[in-house]
Amino acid sequence: MKEKINVEGMTCSCCGGKVEKSIHQLDGISSVELDVDNGTVQVEFNEDAATLEQIKEKIEAEGYKIV
Ligand SMILES: [Cu+2]
């Protein structure tokens, strides 16, 4: 499935890179698309292997806020 998550606090591509790397640590992630300017992260994942909740936890663990 594909989900778009709104994230607050990403200010540059390095923030996006950290978030992307962190999400990819989860199993079942097929793609992560970041839009730092608009503060969105679009994640395509296999819902049998990963949950939206786990993805959000990864983003929050990097210090960014889900809005
Ligand atoms: Cu940054």
Requested in this report: Kindly establish whether Asp27 is at pLDDT below 95 and assigned to a loop (DSSP other than H, G, I, E, B).
Outcome: no
Query raised in the report: Scanning region 29-50 for residues that are open to solvent by less than 30 Å² (accessible area, probe 1.4 Å) and touching a Ser or Thr at 6+ places or on another chain (Cβ under 9 Å), which turns out farthest from Ile66 (Cα to Cα)?
Result: Phe45
Report task. Looking only at region 8-16, decide whether some residue is touching a Phe, Trp or Tyr at 6+ places or on another chain (Cβ under 7 Å) and among the small types (Gly, Ala, Ser). Result -> yes
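So that you can scan it fast, the table gives a plain yes or no per residue for (1) assigned to a helix (DSSP H, G or I); (2) surrounded by 15 or more Cβ atoms within 10 Å (Cβ to Cβ):
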{"site": "Met10", "(1), (2)": "no, yes"}
{"site": "Gly17", "(1), (2)": "yes, no"}
{"site": "Ser22", "(1), (2)": "yes, yes"}
{"site": "Gln54", "(1), (2)": "yes, yes"}
**Report entry** Residues that are surrounded by 13 or more Cβ atoms within 10 Å (Cβ to Cβ) and of a type in the set (Val, Ile, Thr), drawn from region 56-67
**Finding:** Ile59, Ile66
Query raised in the report: Counting only residues that are in contact with a helix residue (DSSP H, G or I) (Cβ under 8 Å, 6 or more places away or on another chain) and away from the ligand (no atom under 13 Å from the Cβ), which one in region 1-21 is farthest from Ala50 (Cα to Cα)?
Result: Ile5
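The values are calculated or read from the model by the stated rules, or taken from the named source; none is laboratory data. All values derive from a computational prediction rather than experimental measurement. Ideal geometry is used to build each Cβ from the backbone, glycine not excepted, and the neighbour counts take in all protein chains shown. Heads up: the accessible areas ignore ligands, DNA and RNA and are worked out on the full protein's heavy atoms, side chains in. Shrake-Rupley method; radii C 1.70, N 1.55, O 1.52, S 1.80 Å.
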